[in-house]
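Asks: Below are the structure tokens for one structure; questions will follow.
The values are calculated or read from the model by the stated rules, or taken from the named source; none is laboratory data. Just so it is clear, the structure is predicted and the values come from calculations on it, not from any experiment. Note that we place each Cβ from the backbone using ideal geometry, even for glycine, and neighbour counts take in every protein chain shown. These area figures cover heavy atoms from the full protein model, side chains too; ligands, DNA and RNA do not enter into them. Shrake-Rupley method; radii C 1.70, N 1.55, O 1.52, S 1.80 Å.
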Amino acid sequence: MINEKVQQALNDQILAEMWSANLYLSMSFYMAVEGYDGLSHWLKKQSQEEMEHAYDMADYVLKRGGVPKVEKIDVVPQGWGSPEEVFKHVYEHECHVSKLINNIMDLAVEQRDNATQDFMWKYVREQVEEEATALNIYEKAKKASEAGLLFLDSKLGQRK
Ligand code: MG
């Protein structure tokens, strides 16, 4: 059985994942309007992945005899500037999410909840990948000319 504090932290994270999904969807729409179909596609995939995290965490809470909840989700920003600025924001957001994940891990350690520590390790690893990927795209966008951005756009459009 999951304890109240850990359940609350996971429910807060479910909302944070849903907020992230909305953030990336907002970016995806914006990039589509700006004519970057590939960047838009990549961001939509990213949005879907965040929803998968929310489902996965809700599943885990249920399995531990807890009650997952969907509460009010704050509005996300709209209008982003250049692709470089968009991906700078993606990178910064992923660094923020890493902190949230680490806080849940710290709580699970403090509460001696081994199962939640085990569950959260995959998100600790996931965040290493997310930060690296976002930083990589941001660095490329920063260096790119307009032609380079179109090349990056076609590359990211191939995300499965
Ligand atoms: Mg996530």
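Asks: Looking only at residues that are of a type outside the set (A, V, I, L, M), in a helix (DSSP H, G or I) and more than 12 Å from the ligand (Cβ to nearest atom) in segment 111-124, which one is least open to solvent (accessible area, probe 1.4 Å)? So that I can check it myself, show each step before the final result.
Replies: First, the residues of segment 111-124 that are of a type outside the set (A, V, I, L, M): 111-114, 116-119, 121-123.
If we keep only those that are in a helix (DSSP H, G or I) too, we end up with 114, 116-119, 121-123.
Narrowing further to those that are more than 12 Å from the ligand (Cβ to nearest atom): 114, 116-119, 121.
Values: Asn114: 113, Thr116: 0, Gln117: 40, Asp118: 113, Phe119: 22, Trp121: 126 Å².
The qualifying residue least open to solvent (accessible area, probe 1.4 Å) is Thr116.
Results for (1) away from the ligand (no atom under 12 Å from the Cβ); (2) free of Cβ contacts under 8 Å to residues at least 12 places away in the same chain, shown as yes or no for each residue.
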residue: Glu52; (1), (2): no, yes
residue: Ala58; (1), (2): yes, no
residue: Gln78; (1), (2): yes, no
residue: Glu92; (1), (2): yes, yes
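Asks: Conditions first: (1) more than 15 Å from the ligand (Cβ to nearest atom); (2) closer than 21 Å to Tyr123 by Cα. Leu15 passes all but one, so which condition is the exception?
Replies: Tallying (1) more than 15 Å from the ligand (Cβ to nearest atom); (2) closer than 21 Å to Tyr123 by Cα, Leu15 fails exactly one: (1).
Asks: Would you pick out the residues in segment 125-160 that are acidic (Asp, Glu) and away from the ligand (no atom under 14 Å from the Cβ)? Before the answer, list the steps.
Replies: At the first step, the residues of segment 125-160 found to be acidic (Asp, Glu) are 126, 129-131, 139, 146, 153.
Of everything in segment 125-160, those that are acidic (Asp, Glu) and away from the ligand (no atom under 14 Å from the Cβ) turn out to be Glu139, Glu146, Asp153.
Asks: Further question on the same structure: Please identify the pairs in which a residue from segment 141-157 that is open to solvent by 100 Å² or more (accessible area, probe 1.4 Å) has its Cβ atom under 7 Å from the Cβ atom of a residue that is not polar (S, T, N, Q), counting only partners at least 6 apart or on another chain.
Replies: Lys155/Gly38
Asks: Also, I was wondering about something else. Hey, any hits in segment 57-65 for a residue that's among the small types (Gly, Ala, Ser), farther than 15 Å from Gln7 by Cα and assigned to a helix (DSSP H, G or I)? Don't jump to the end; show me each part of the working.
Replies: Of all residues in segment 57-65, those among the small types (Gly, Ala, Ser) come to 58, 65.
Imposing the further condition that a residue be farther than 15 Å from Gln7 by Cα reduces the set to none.
Scanning segment 57-65 turns up no residue that is among the small types (Gly, Ala, Ser), farther than 15 Å from Gln7 by Cα and assigned to a helix (DSSP H, G or I).
Asks: I need a count of the residues in segment 119-140 that are of a type in the set (A, V, I, L, M) and in contact (Cβ under 8 Å) with a residue 40 or more places away in the chain. Spell out the reasoning first.
Replies: First pass over segment 119-140, keeping only residues of a type in the set (A, V, I, L, M): 120, 124, 128, 132, 134-135, 137.
Adding the requirement that they be in contact (Cβ under 8 Å) with a residue 40 or more places away in the chain leaves 134-135, 137.
Number satisfying all stated conditions: 3.
Asks: Tally up the residues in segment 60-88 that are within 21 Å of Ser145 (Cβ to Cβ) and either modelled with pLDDT under 95 or not aromatic (Phe, Trp, Tyr) (or both), please. So that I can check it myself, show each step before the final result.
Replies: Within segment 60-88, the subset within 21 Å of Ser145 (Cβ to Cβ) is 80-88.
Going one step further and asking which of them are either modelled with pLDDT under 95 or not aromatic (Phe, Trp, Tyr) (or both), we end up with 80-86, 88.
Residues meeting the conditions: 8.
Asks: I need the full set of residues from segment 67-91 which are open to solvent by 90 Å² or more (accessible area, probe 1.4 Å), out of contact with any helix residue (DSSP H, G or I) (no Cβ under 6 Å at 6 or more places or on another chain) and farther than 26 Å from Gln8 by Cβ, in order please.
Replies: Glu85 - this is the single residue of segment 67-91 that is open to solvent by 90 Å² or more (accessible area, probe 1.4 Å), out of contact with any helix residue (DSSP H, G or I) (no Cβ under 6 Å at 6 or more places or on another chain) and farther than 26 Å from Gln8 by Cβ.
Asks: Which count do you get for residues in segment 27-49 that are in a helix (DSSP H, G or I), over 13 Å from the mean Cα position of the chain (by Cα) and crowded, with 16+ Cβ neighbours inside 10 Å? First the steps, then the outcome.
Replies: First pass over segment 27-49, keeping only residues in a helix (DSSP H, G or I): 27-33, 37-49.
Subset that is over 13 Å from the mean Cα position of the chain (by Cα): 28-33, 37-41.
Next cut, crowded, with 16+ Cβ neighbours inside 10 Å only: 28, 30-31, 38-41.
Residues flagged as in a helix (DSSP H, G or I), over 13 Å from the mean Cα position of the chain (by Cα) and crowded, with 16+ Cβ neighbours inside 10 Å within segment 27-49 amount to 7.
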